[in-house]
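A short reminder: the numbers here are calculations on the coordinates, not readings from a lab. Every value quoted in this text rests on a predicted model; they were computed, and no experiment measured them. With ideal geometry, Cβ positions are generated from the backbone for all residues, glycine too; neighbour counts draw on all protein chains shown.
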Amino acid sequence: MKTVAVIPAGGAGKRLKSHIAKQYLMLDHLPVMVHTLKVFQDSPEIDEIILALPPEDLVHIRQELAEKYNLTKLAHAIAGGNERQDSVKNCLDIISDECGMVVIHDAVRPFVTEELIFHVINAAKETGAAIVGVKAKDTIKEVNTDHVIGSTIPRNNLWLAQTPQAFDFKLLKEAYSLARKENYYGTDDASLVERMGKEVIMVESSYDNIKITTHEDMLMANAIIKNRNKGVFRSGFGYDSHRFVTNRKLILGGVEIPFDKGLHGHSDADALLHAVCDALLGAAGAGDIGRRFPDTDPEYKDISSMILLEQVFKLIKKKGYRISNIDVTVIMEMPRLAPYAEQMVSNIAGVLDIACENVNIKAKTNEGMGFVGRNEGVAVFATATLTERKKDASKA
């Protein structure tokens, strides 16, 4: 049975008082919503993602997400409704009966973690419904319409509800059907299940798991991301060169380029990706591409260098680093690389799970000097910047 994540992102963000909807605001070079989606993309608990968007954004945002951020689990993007509850219902209506569990999460809670998703799903497997939240820290006052305090509510058992919220699919469908029939709108999904008399388990979350609703929330989000990104910056330098030969395809940056010659090498001889791999390995203190993928090993004969880049990326993640930036300079007389640079950037960004803006490719000639100037081959220089991934402090 599949587990499907439903991400409502259909709001206009009026309380933020911004001309840009809050889910599209930039946070550490990525839209808020993308931070959220990438966590669900990476979670092994999630099989599919369904996203609810404003109707006017449906086509171009869906395409951009798929192409730019490699969100392969994004199965559907549909039009949201007037209210959040309407958006979630639209998503539930297209989920097949193969689904066993649904996880609902606000698109503008970008600090959700894979651990939190795991724990709330496990709790929901026990009872059919579970949510995450944090204990109330402030004293709670009940106040009447004249702003006169009527009572002080003991906070010992008071929790502030957050998302993700996980439910047995059939149970949630029943709760939504009843709510629609009775024209009931709740402030969260759990309230629809609670009014049916069903138990909902609370899983302790983190105070960092904020929902971006106001300008102050955005300031807090920037502070959180800045703190998470603190750590030692590591940089690496990569270089590779290959000579031209006949009867070989010319492949650079994972793109096959029409030309009468290709590059000589044991693999596909993609000098651009080889330089990027060496830069990443250097930044991580993990040796070099020759030691990792020796040209004496038949396993790597004619292998795509995109596969080698994927393996290097797995190593980088395992060592606890995140990739901040890739910068590449290709030195070659012919052919011109400009028509293919955008696809190269997209290929590299897709494999390394970073935004295209964080990958830069430049092409230069050598003004007729040296082996490159004589059009005997290609030389590539690359740099990579890594930062340490901070260990998650919000594990429930």
* Structure fact -> With DSSP loop assignment and no more than 13 other C-beta atoms within 10 Å, the GluC sites (Glu not before Pro) in region 39-85 are Glu83
* Counting other C-beta atoms within 10 Å, which of Val203, Val120 has the fewest, and how do the rest follow? -> Val203, Val120
* Using label points projected 7 Å from each Cα along Cα→Cβ, tell me how many nm separate Glu357 and Lys318, to one decimal. => 3.2
* Structure fact -> Under the rule rounded for a/c under 1.5, else prolate if a/b exceeds b/c, else oblate, using alpha carbon gyration tensor axes a ≥ b ≥ c, region 233-388 is classed as prolate
* Structure fact -> Taking placed amide H atoms and a strict 5 Å upper bound, the residues 5 or more places from Ala52 or on another chain that come that close are Ile7, Ala9, Ile78
* Asked: Quick one: Karplus J couplings for region 289-298, per residue in order, coefficients 6.51, -1.76, 1.60, θ = phi - 60°, nearest Hz, x for Gly and Pro?
  -> 5, x, 6, 6, 10, x, 7, 9, 8, x
* Asked: Percent relative contact order of region 2-228, based on C-alpha pairs within less than 8 angstrom and at least six residues apart?
  -> 23
* Asked: Can you give me the Cα centroid spacing of region 87-148 and region 180-196 in angstrom?
  -> 13
* To do: Determine the percent antiparallel among the DSSP beta bridges restricted to the chain, to the nearest 5.
  => 65
* Structure fact -> Of Asn90, Asn144, Asn157, the most mobile residue in a GNM of the chain (C-alpha springs, cutoff 10 Å) is Asn144
* Structure fact -> Computed, not fitted: 222 nm per-residue ellipticity of the chain from DSSP H runs ≥ 4 (each -39500 (n - 2.57)), nearest 500, equal to -10000 deg cm²/dmol
* What's the percent breakdown of Cα-Cα distances in the chain across 10 Å bins, shortest bin first? -> 5, 20, 26, 21, 15, 9, 4, 1, 0
* To the nearest 10 degrees, how steeply does helix 271-283 sit against the main Cα axis of the chain, on a 0 to 90 scale? -> 60
* Asked: Of the cross-linked pairs Lys2/Lys125; Lys249/Lys301; Lys89/Lys135; Lys89/Lys170; Lys38/Lys198; Lys22/Lys211, which ones have a Cα-Cα span greater than 22 Å in the structure shown?
  -> Lys89/Lys135; Lys38/Lys198
* Asked: For region 352-359, in order, what is each residue's ³J(HN,Hα) by Karplus, 6.51 cos²θ - 1.76 cosθ + 1.60 with θ = phi - 60°, in whole Hz (x at glycine and Pro)?
  -> 8, 6, 10, 6, 4, 5, 9, 10
* Structure fact -> At the level of C-alpha centres, the distance separating region 204-226 and region 241-275, in angstrom, is 46
* Estimated FRET transfer efficiency when R0 is 45 angstrom, pair Ile257-His215 (beta carbons, to 0.05) -> 0.40
* How far apart, in nm, are the 7 Å Cα→Cβ label points at Ile140 and Thr152? -> 1.5
